[in-house]
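Shown next, in structure tokens, is the structure this report addresses.
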Amino acid sequence: MVPPLIVVGLRMDFSVVLEPLGFVKVLEWLFAVFAFATCGGFQGETALLVSCEGVVNKTITAAFAYPFRLNTVVFSAPDPKGCGGTWTDVYLMGDFSSSAQFFVTLAALVFLYCVTALVVYVGYYHVYQENNKFPLTDLAISVLTAFLWLLSTFVWAKALADIKVSTGASIIPGIESCKAPGTTCHFLSVTSMGVLNVSVVFGLLNVVLWAGNVWLIYKDTNLHNQWNRISESPTERV
């Protein structure tokens, strides 16, 4: 059963979605989904080619994924005997979970907020326009969201650059087992991180969208009207 308070004042008007304020909110909803999916759904693998006494050209792998706690990811051993006892567990370097989770969590919260905002726009836009507290609240949230998108995107972009280093060819000099007599290691491959690059792009697009959204909402508030009256008053006196 639908609560009576939700039904009171409900006026469904989907034309709001075609207006700039509603259309931008739909784009923000979509881009939040894309940012969440491209970062949170990533799975990759880095591979080395190892040769040691009795074992030639053995491929070892380390699988990593969101939230990118690389320091918990261990390479598979070259052989059951661990290269004659010279091979110890080798882990990737770095924990980038805080940056990745910040970015993905923000995307999830933005998704939920956009759904709520669209419900208000479509069903209660007349209430939204009549009570200036709603646009002001929407404005404050949009300013904060634009800032958080900017912060989380740059933090995530920096973490992504470090992830590429921690899973690339530069990891070999830091593997002590590869320095054992008779053991050689060569970097083989790493999963393409193009989809993670796309997540950064969506983060930047979200910054632009929410910054534009701030202006659209600002025009609907008393703040904009008051500023217009102040700017026009000197002209009227002349």
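Listed values, structure above:
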read-out	value
Student exercise, the chain dipole from Lys, Arg, Asp, Glu Cβ charges, in Debye to nearest 20	100
Solvent-accessible surface ranking, highest first, for Met193, Met12 at 1.4 angstrom	Met12, Met193
Rounded percent of accessible protein surface that carbon and sulfur make up, segment 48-176, 1.4 Å probe	66
Solvent exposure of the chain as accessible area per residue, Å², 1.4 Å probe	55
Cys with no candidate disulfide partner in the chain (beta-carbon separation under 4.7 Å rule)	Cys39, Cys114
Accessible area of Cys52 in the full protein assembly, 1.4 Å probe (Å², nearest 10)	10
Taking N as its residue count, the alpha carbon Rg of segment 38-96 over 2.2 N^0.38 Å	1.28
About the Cα centre, charge dipole magnitude for segment 68-205 (Lys/Arg +1, Asp/Glu -1 at Cβ), debye	140
Accessible area (Å², 1.4 Å probe, nearest 10) - His186	110
About the Cα centre, charge dipole magnitude for segment 25-134 (Lys/Arg +1, Asp/Glu -1 at Cβ), debye	200
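The values are calculated or read from the model by the stated rules, or taken from the named source; none is laboratory data. This structure is a prediction, so every number in the text was calculated from the model and none was measured. Ideal geometry is used to build each Cβ from the backbone, glycine not excepted, and the neighbour counts take in all protein chains shown. Each accessible area value is taken on the protein alone, full model and side chains, heavy atoms only, with ligands, DNA and RNA left out. Shrake-Rupley method; radii C 1.70, N 1.55, O 1.52, S 1.80 Å.
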